[in-house]
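Below you'll find the structure, written out as structure tokens, and then a few comments.
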Amino acid sequence: MAGQEVLFCSVINQLRSSQDALVTVIHWNLISSGFKCCGIGDDEKAKNQKKSEMLPNGWNANQDMYTLRYKDSSDKVHILKIMRVDEDLLVHFMDIKSEKVTSINISTTDYTTGDLSSFDEAFKHLEKLTKQLKKEIIDEITKSPRSGSSSEPSSSRPQRSRLHDDDHDPLRVPPRHPHRQPVPGWNDPDDPFSVGRGDLDPFGRTGGGMVFDPFHPGGRRGGPDPSAGLPGRLPRGAVPPGARFDPFGPPGTGPGPDPDHLPPPGYDDMFM
């Protein structure tokens with residue numbers, strides 16, 4: 001990258017470690033993307049913030065934490081913090097106004113040789129590092145919001161969606177989902193708390209129950225048995241709940257137990 005070797009040579013006498021050399025690379029990538037350095041530290045309101053392409057005095061005084069301030073073309077302040085963890089550098093770049101942060105982890109041994117005598121001898125694989133910095137640090141921090149996002153307040157969005165919702169259209173007659181009338185003996189399936197409610201009533205007034213009624217084995221009380229007078233039971237759902245239905249026979253004349261349901265052991269043995 002043009003100008004990077006010039007920057008390295010301008011601070012070569014200040015370099016104390018391979019981490020310092022990598023900081024010069026990160027700094028020049030920001031400069032090449034339109035940022036200008038305006039001092040050290042994270043005080044965004046510091047006085048005399050003169051913008052420059054050079055590294056400020058004392059930029060590598062702390063070998064465990066590098067903190068530099070930058071401004072973009074619109075004078076928005078950005079903070080670059082680089083923390084040294086063993087042989088790695090944890091790089092964080094933050095936009096102070098939006099508090100957006102981009103981060104990257106750089107291994108010193110992947111891009112430096114330890115020889116700080118010259119620019120060519122100090123680095124390796126710089127093109128790979130430059131692409132990584134641009135993709136994960138610079139492009140992410142400068143990326144504009146999605147074009148489909150709206151700048152209107154969030155409080156007004158539900159009102160707009162409600163106006164375009166047919167279920168809430170005040171001019172729609174009748175409403176799409178009219179209020180359903182409850183059916184006696186049936187729990188509302190939309191009420192999650194109705195599950196098992198009938199078992200709390202031992203007499204089963206709301207369905208279920210724990211006391212068996214021999215006169216109403218189906219668990220329903222107060223209504224005629226549609227299967228009365230038939231040799232078998234009507235299939236479930238043959239008579240809708242709440243429908244008026246005349247049974248085939250008088251109440252209480254349902255079929256009794258079949259003697260063949262529980263035959264004695266060996267009943268088909270002719271020698272018994």
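The values are calculated or read from the model by the stated rules, or taken from the named source; none is laboratory data. Small disclaimer: the values here were computed from a predicted structure and weren't measured. Because the Cβ atoms are built from the backbone with ideal geometry, glycine has one as well, and the counts that use them run over all protein chains shown. Side chains are part of the model used for accessible areas, which takes the heavy atoms of the whole protein and leaves out ligands, DNA and RNA. Shrake-Rupley method; radii C 1.70, N 1.55, O 1.52, S 1.80 Å.
Within the range 32-64, being farther than 22 Å from residue 2 by Cβ, touching a residue at least 40 places away in the same chain (Cβ under 8 Å) and either touching a Phe, Trp or Tyr at 6+ places or on another chain (Cβ under 8 Å) or aliphatic (A, V, I, L, M) (or both) holds for one residue alone: 60. Scanning the range 33-60 for residues that are open to solvent by 60 Å² or more (accessible area, probe 1.4 Å) and either farther than 28 Å from residue 109 by Cβ or among the polar types (S, T, N, Q) (or both) yields a count of 11. Checked against (1) within 16 Å of residue 138 (Cα to Cα); (2) at pLDDT below 90; (3) surrounded by 11 or more Cβ atoms within 10 Å (Cβ to Cβ), residue 87 passes all but a single condition, namely (1).
Here residue 24 fulfils each of the conditions (1) within 11 Å of residue 59 (Cβ to Cβ); (2) open to solvent by 50 Å² or more (accessible area, probe 1.4 Å) apart from (2). Please determine, by comparing only the residues of the range 61-83 that are acidic (Asp, Glu) and exposed (fewer than 13 other Cβ atoms within 10 Å of the Cβ), which one is modelled with the highest pLDDT. Among those that are acidic (Asp, Glu) and exposed (fewer than 13 other Cβ atoms within 10 Å of the Cβ), it is 64.
Considering (1) free of Cβ contacts under 8 Å to residues at least 40 places away in the same chain; (2) under 23 Å from residue 6 (Cβ atoms); (3) touching a helix residue (DSSP H, G or I) at 6+ places or on another chain (Cβ under 9 Å), the lone condition that residue 88 does not fulfil carries the number (2). For the range 1-50, filtering for residues that are small (Gly, Ala, Ser) and in contact with a Pro (Cβ under 7 Å, 6 or more places away or on another chain) leaves 1. Evaluate the following for residue 66: is it touching a helix residue (DSSP H, G or I) at 6+ places or on another chain (Cβ under 8 Å), of a type outside the set (Gly, Ala, Ser), within 25 Å of residue 115 (Cα to Cα) and outside any loop (DSSP other than H, G, I, E, B)? Yes.
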